[in-house]
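The values are calculated or read from the model by the stated rules, or taken from the named source; none is laboratory data. None of the values given here were measured: they were computed from a predicted structure. FYI the Cβ positions are ideal-geometry reconstructions off the backbone, even for glycines, and counts take in every protein chain you see.
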Amino acid sequence: MGIKTLKTLGIELINKPPVSLMKENILDLPKMTNPVKLLAMDIMITLAGPAYISDQNVLIKLTYAMLDLSIKYGNAPASTHAYGLFGVLNVVDEKIEDGFKLGQMSLKIIDKLNFPEMKCRTLNIHNSCIRHWKEHLPEAVKDMAESVSIGLEHGDIENASYCAIHYCNNMLFSGLNLETIEKKTRNYMSLMKKTNQWYAVSYLRITLQTMLNLRNETEETGQLDSEAVSEDEFLSSLIESKSYTILQWFYTAKVVLNYLFYKYEKAVTNAAKAESFVANAAGLISVGQLNFYQSLSLLAQCKTIDFVEREAYLAQVEKNQKTLSLWANNAPQNFRHKYNIIEAERARVLDNLEAIKLYEKAITGARKNKFLHEEALSYELAAIFYLEQNMIKIAQTYMTEAHFLYKKWGAETKVAHLDFIIHHLIYTCF
């Protein structure tokens with residue numbers, strides 16, 4: 001319907017961005033005054049949200065069309081969102097520096113041309129889909145809470161709900177205390193229910209259940225069942241509603257849980273499912289998490305599978321590492337220690353003692369940049385490596401440190417899991 005309306009206004013979606021865009025000083029463009037073009041921009045920005053969730057090709061064409069109108073007729077309020085979206089597309093296309101600059105520019109235009117109604121929407125794009133590819137993730141997290149408040153103050157409930165989603169998810173990925181995040185997530189879910197933001201409720205349900213599985217004893221740590229709905233019912237509803245962005249997070253969350261509780265085959269299967277929805281999660285940090293945990297899951301399986309399958313797994317890890325290396329070069333504070341964890345695990349699989357140095361680099365990097373949960377994981381994996389080398393005393397030391405850090409994170413279920421590992425693998429088996 002919206003696309004047809006655009007055609008009646010003489011607006012066609014386009015397949016390429018304006019050639020002159022990156023040469024233009026978009027900050028100096030005048031305000032758009034043409035009423036027809038302003039209406040078209042408003043229609044396109046309304047269509048952009050659903051397109052992000054379910055149809056990346058339409059999102060790209062909408063973004064290019066908004067950019068084209070902005071260059072030709074000046075900046076409209078919706079232009080700020082278009083620049084932000086184009087920043088995300090640049091990030092996805094591995095042009096991270098350009099993407100970051102576009103995100104910053106979109107915020108400057110809001111202030112210069114006085115478009116306060118667009119601030120929450122544009123902050124959401126920049127903080128949720130761009131900043132962590134260039135700046136320390138916890139810094140973006142700090143600003144996300146304020147973005148929620150800005151949206152609520154201006155009556156932009158929908159975009160406030162998106163900010164709340166990514167605030168909670170990015171707190172989780174930053175390794176902040178799980179009990180604290182759980183409380184905030186429950187508060188936001190309550191607010192989203194009261195304001196009928198059911199998309200946000202569905203998204204946050206996964207985040208909440210992931211934390212509950214890490215914090216509380218549960219029969220099946222990899223299942224995302226909740227008190228309100230079973231995993232199967234929830235998954236069916238997501239597929240039926242074509243909520244592809246949520247599906248990417250759904251399967252990624254299962255990868256994380258499966259991996260952390262040593263269900264590697266399930267983790268590999270769920271990673272493949274999550275991959276099919278990556279385009280619908282453009283720029284989100286969950287894409288980085290999928291890359292990381294998919295590689296970990298594949299490497300964990302490498303010593304139990306045949307040669308042909310092992311070579312395929314290692315090839316996928318190599319592909320993932322090329323991408324992770326790019327991210328680490330642009331935002332080392334977020335990704336360098338992750339890259340080193342994977343390299344350490346790859347060295348372990350290949351019986352290369354270089355793994356020792358790589359585990360230490362990963363531990364040091366995670367600690368320096370305050371990723372508590374990934375420091376814990378680095379110690380745990382190093383402990384397993386030392387167990388394989390029959391270096392029991394060192395393994396005990398590293399597993400004990402992992403136990404302490406997971407407890408500090410608030411992951412009591414994982415702590416209980418390590419209690420079992422410490423007792424049976426160290427004290428019994430050896």
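Assorted remarks:
- Where residue 74 falls short, out of the listed (1) within 20 Å of residue 128 (Cβ to Cβ); (2) surrounded by fewer than 19 Cβ atoms within 10 Å (Cβ to Cβ); (3) of a type in the set (Gly, Ala, Ser): (1)
- Listed by position, the helices (runs of 4 or more DSSP H) enclosed by region 355-430 that each have at least 1 residues that are within 24 Å of residue 217 (Cα to Cα) and not small (Gly, Ala, Ser) are 372-388, 392-409, 412-421.
- Conditions (1) touching a Ser or Thr at 6+ places or on another chain (Cβ under 9 Å); (2) within 23 Å of residue 373 (Cα to Cα); (3) of a type in the set (A, V, I, L, M); number of the one not met by residue 176: (1)
- Here region 366-389 is the region considered, the condition is being surrounded by fewer than 18 Cβ atoms within 10 Å (Cβ to Cβ) and touching a His at 6+ places or on another chain (Cβ under 9 Å), and the residue that is farthest from residue 260 (Cα to Cα) is 368.
- Evaluation of residue 151 against (1) in contact (Cβ under 8 Å) with a residue 60 or more places away in the chain; (2) in a helix (DSSP H, G or I) (one fails), failing number: (1)
- Against the test of being in a helix (DSSP H, G or I), closer than 24 Å to residue 104 by Cα and in contact (Cβ under 8 Å) with a residue 12 or more places away in the chain, the options 47, 39 yield a single qualifying residue, 47.
- Contact map, region 53-77: first residue among the acidic types (Asp, Glu), second residue part of a helix (DSSP H, G or I) and buried (at least 19 other Cβ atoms within 10 Å of the Cβ), Cβ cut-off under 9 Å, separation 6 or more or different chains; pairs are 55/244; 55/280.
- Checked against the criterion of being within 25 Å of residue 171 (Cβ to Cβ) and of a type outside the set (Val, Ile, Thr), the candidates 369, 352 yield just one match: 369.
- Filter pass, residue 226 being in a loop (DSSP other than H, G, I, E, B) and touching a Leu at 6+ places or on another chain (Cβ under 9 Å): yes
- Annotation note: of 392, 342, 363, 356, the sole residue that is surrounded by fewer than 21 Cβ atoms within 10 Å (Cβ to Cβ) and at pLDDT 95 or above is 356.
- Within region 233-307, helices (runs of 4 or more DSSP H) holding 2 or more residues that are on the phi > 0 side of the Ramachandran plot and either among the β-branched types (Val, Ile, Thr) or out of contact with any strand residue (DSSP E or B) (no Cβ under 9 Å at 6 or more places or on another chain) (or both): none
- Residue pairs whose Cβ atoms lie under 8 Å apart, separated by 6 or more positions or on different chains, with the first residue in region 353-374 and charged (D, E, K, R) and the second in a loop (DSSP other than H, G, I, E, B) and buried (at least 19 other Cβ atoms within 10 Å of the Cβ), are 370/174; 370/175; 374/175.
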